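Structure in structure tokens, see below.
The values are calculated or read from the model by the stated rules, or taken from the named source; none is laboratory data. Quick caveat, the model's predicted, so the values are computed rather than measured. No Cβ is skipped: glycine too gets one built from the backbone with ideal geometry, and neighbour counts run over all protein chains shown. These area figures cover heavy atoms from the full protein model, side chains too; ligands, DNA and RNA do not enter into them. Shrake-Rupley method; radii C 1.70, N 1.55, O 1.52, S 1.80 Å.
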Amino acid sequence: MARELGGTGLAISAVGFGSWVTGGPGVMGWGAQSDDESIAAMHRALDGGVDWIDTAPVYGFGHAEEVVGRALAALPAADRPLVFTKCGLVWDDAGVESQDLTPESIRRECDASLRRLGVEHLDLYQIHAPDPAGPPIEESWGTVLELLAAGKVRHVGVSNFDVDLLERCEAVGHVETLQPPLSLIKREAAGDVIPWCERNGTGVLVYSPMGAGLLTGTFTAERAARLPTDDWRSRNPEYRSPALERNLALQDALRPVAERHGVSVGAVAIAWTTSVPGVSTAIAGARTPDQVDGWLPATTLYLDPEDLAEIAAAVRATGAGQGPVVP
């Protein structure tokens, strides 16, 4: 079922394919990843009705965009999905990541993304994250709006912004979309930025709806202990005691809901995010086609009030995560 992305005029699938893991290892990478498997996973998602892919230059320092470009090139033009990417996180020849939201860098990044992806325009261009030490956000946002006016991008948005930054950008030009983190473990966005977006006609694409793997239904304490050092999760406290035990208890508490609907725990976790008022769609990643199969039912899954009440009770009982218990 298609869902409206704010006031963009885009009607897109309730879940999109996220290519963060496609980038492979790195400072914020997910460890080794097969490009062929990534492409197969994207194609499986598209075959299942997903019609957009979210990526970013910093995922694998350009690698994820290149792999997405390969996946697009293998498809007839009529079957190609919408492509969303970002700007503002850059790297040098030594592989050191930094932020750069100067107008020159934003324009340069846009052109580089177009080349790597092999497309004539970007369907959605987003500032990846704010840079407190950079130029005023009004200057950076104004540059993104210039790319919109020039036709290089069709829609514009931001990611990981707070309400104050959203207000500052909105004063310059409409913020069409916001991409915040949201899951049953990380719920803070439901208390501030998502309500702001609902009031202002801004579409919301949430990322990590399965808690970056913790709520897939297959995650274990043993797997957490085996995470390689080139997987960012190995350094995150949510994957260590005592938070890990609470998160795994919440994962287990979702199983009865999943069983009633005949879907995976991951699909329930994603569908919870898209049930939050103000959320347009969710981004789900995958290493393999089988992982895509696990969450595809979330594109059509409806959680009724009883389901949502049971999930809210599980959040309270386990003490997992942070943020308001909604909806």
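Within the range 148-159, is even one residue under 22 Å from the mean Cα position of the chain (by Cα) and among the polar types (S, T, N, Q)?
Taking every residue of the range 148-159 in turn, at least one turns out to be under 22 Å from the mean Cα position of the chain (by Cα) and among the polar types (S, T, N, Q).
Here is a list of conditions, (1) within 19 Å of Ala284 (Cβ to Cβ); (2) modelled with pLDDT under 95, and Phe61 meets all of them except one; can you say which number that is?
(1)
Could you tell me which numbered condition Ile12 fails, if it satisfies all but one of (1) open to solvent by less than 10 Å² (accessible area, probe 1.4 Å); (2) at pLDDT 95 or above; (3) assigned to a helix (DSSP H, G or I)?
Only one criterion in (1) open to solvent by less than 10 Å² (accessible area, probe 1.4 Å); (2) at pLDDT 95 or above; (3) assigned to a helix (DSSP H, G or I) is unmet by Ile12, namely (3).
Tell me the residue from Ala224, Ala253 that is under 21 Å from Asp307 (Cβ atoms) and open to solvent by less than 40 Å² (accessible area, probe 1.4 Å), please. I'd like the intermediate steps shown before the answer.
Working: Ala224 fails: under 21 Å from Asp307 (Cβ atoms).
The conditions single out Ala253.
Separate question: Restricting attention to helices (runs of 4 or more DSSP H) lying wholly within the range 169-265, give those where 3 or more residues are closer than 30 Å to Leu101 by Cβ and touching a Gly at 6+ places or on another chain (Cβ under 9 Å).
Fully inside the range 169-265 and qualifying: 193-200.
Consider the range 300-325. How many of its residues are crowded, with 20+ Cβ neighbours inside 10 Å, under 29 Å from Ile12 (Cβ atoms) and in contact with a Lys or Arg (Cβ under 7 Å, 6 or more places away or on another chain)?
Qualifying residue count, the range 300-325: 1.
Next question, about the same structure. Would you mind finding the one in Arg115, Arg80, Arg107 that is open to solvent by 10 Å² or more (accessible area, probe 1.4 Å), in contact (Cβ under 8 Å) with a residue 24 or more places away in the chain, in contact with a helix residue (DSSP H, G or I) (Cβ under 9 Å, 6 or more places away or on another chain) and on the phi < 0 side of the Ramachandran plot? So that I can check it myself, show each step before the final result.
Working: Arg115 fails: in contact (Cβ under 8 Å) with a residue 24 or more places away in the chain; Arg80 fails: in contact (Cβ under 8 Å) with a residue 24 or more places away in the chain.
Criteria check complete, one pass: Arg107.
Let me ask something else. Among the residues of the range 133-144, which ones are at pLDDT 95 or above and open to solvent by 40 Å² or more (accessible area, probe 1.4 Å)?
Passing the criteria: Pro136, Glu138, Glu139.
What about Ala243, is it modelled with pLDDT under 95 and surrounded by 20 or more Cβ atoms within 10 Å (Cβ to Cβ)?
Values: modelled with pLDDT under 95: yes; surrounded by 20 or more Cβ atoms within 10 Å (Cβ to Cβ): no.
So Ala243 fails the test.
Each row is one residue, and each column tells you yes or no for (1) at pLDDT 90 or above; (2) aliphatic (A, V, I, L, M).
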{"site": "Ala190", "(1), (2)": "yes, yes"}
{"site": "Trp196", "(1), (2)": "yes, no"}
{"site": "Gly201", "(1), (2)": "yes, no"}
{"site": "Val204", "(1), (2)": "yes, yes"}
{"site": "Tyr207", "(1), (2)": "yes, no"}
{"site": "Thr216", "(1), (2)": "yes, no"}
{"site": "Phe219", "(1), (2)": "yes, no"}
{"site": "Ala224", "(1), (2)": "yes, yes"}
{"site": "Asp231", "(1), (2)": "no, no"}
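Among the candidates Leu205, Leu166, Leu184, single out the residue that is open to solvent by less than 10 Å² (accessible area, probe 1.4 Å), hydrophobic (A, V, I, L, M, F, W, C) and in contact with a Cys (Cβ under 9 Å, 6 or more places away or on another chain). Don't jump to the end; show me each part of the working.
Numbers: Leu205 fails: in contact with a Cys (Cβ under 9 Å, 6 or more places away or on another chain); Leu184 fails: in contact with a Cys (Cβ under 9 Å, 6 or more places away or on another chain).
After applying the criteria, what remains is Leu166.
State yes or no: is Ala74 modelled with pLDDT of 95 or more, open to solvent by less than 40 Å² (accessible area, probe 1.4 Å) and of a type outside the set (Val, Ile, Thr)?
Values: modelled with pLDDT of 95 or more: yes; open to solvent by less than 40 Å² (accessible area, probe 1.4 Å): no; of a type outside the set (Val, Ile, Thr): yes.
Spelling it out, it is not the case that Ala74 is modelled with pLDDT of 95 or more, open to solvent by less than 40 Å² (accessible area, probe 1.4 Å) and of a type outside the set (Val, Ile, Thr).
Identify the single condition in (1) open to solvent by 50 Å² or more (accessible area, probe 1.4 Å); (2) in contact (Cβ under 8 Å) with a residue 60 or more places away in the chain that His155 does not satisfy, given that it satisfies every other one.
Just one mismatch for His155, condition (1).
Working only within the range 187-202, note down all residues that are open to solvent by 40 Å² or more (accessible area, probe 1.4 Å) and touching a Leu at 6+ places or on another chain (Cβ under 8 Å).
Asn200
Another question about this same structure. Do we have any residue at all in the range 270-291 that's in contact with a His (Cβ under 9 Å, 6 or more places away or on another chain), crowded, with 24+ Cβ neighbours inside 10 Å and either basic (Lys, Arg) or touching a residue at least 24 places away in the same chain (Cβ under 8 Å) (or both)? Steps first, answer last, please.
Looking only at the range 270-291, we keep the residues that are in contact with a His (Cβ under 9 Å, 6 or more places away or on another chain), and these are 271, 289.
After this cut, where a residue has to be crowded, with 24+ Cβ neighbours inside 10 Å as well, the list is 271.
Subset that is either basic (Lys, Arg) or touching a residue at least 24 places away in the same chain (Cβ under 8 Å) (or both): 271.
Scanning the range 270-291, I find at least one residue that is in contact with a His (Cβ under 9 Å, 6 or more places away or on another chain), crowded, with 24+ Cβ neighbours inside 10 Å and either basic (Lys, Arg) or touching a residue at least 24 places away in the same chain (Cβ under 8 Å) (or both), so the answer is yes.
Considering only residues of the range 40-68 that are open to solvent by 10 Å² or more (accessible area, probe 1.4 Å) and not in a loop (DSSP other than H, G, I, E, B), which is nearest to Leu82 (Cα to Cα)? Before the answer, list the steps.
First, the residues of the range 40-68 that are open to solvent by 10 Å² or more (accessible area, probe 1.4 Å): 40, 43-44, 46-49, 51, 58-61, 63, 66.
Next cut, not in a loop (DSSP other than H, G, I, E, B) only: 40, 43-44, 46-47, 63, 66.
On the way: Ala40: 17, His43: 13, Arg44: 15, Leu46: 11, Asp47: 14, His63: 19, Glu66: 15 Å.
Among residues in the range 40-68 that are open to solvent by 10 Å² or more (accessible area, probe 1.4 Å) and not in a loop (DSSP other than H, G, I, E, B), the one nearest to Leu82 (Cα to Cα) is Leu46.
Do we have Ala32 as modelled with pLDDT under 95 and more than 14 Å from the chain's Cα centre (by Cα) here? I'd like the intermediate steps shown before the answer.
Working: modelled with pLDDT under 95: yes; more than 14 Å from the chain's Cα centre (by Cα): yes.
Criteria met by Ala32.
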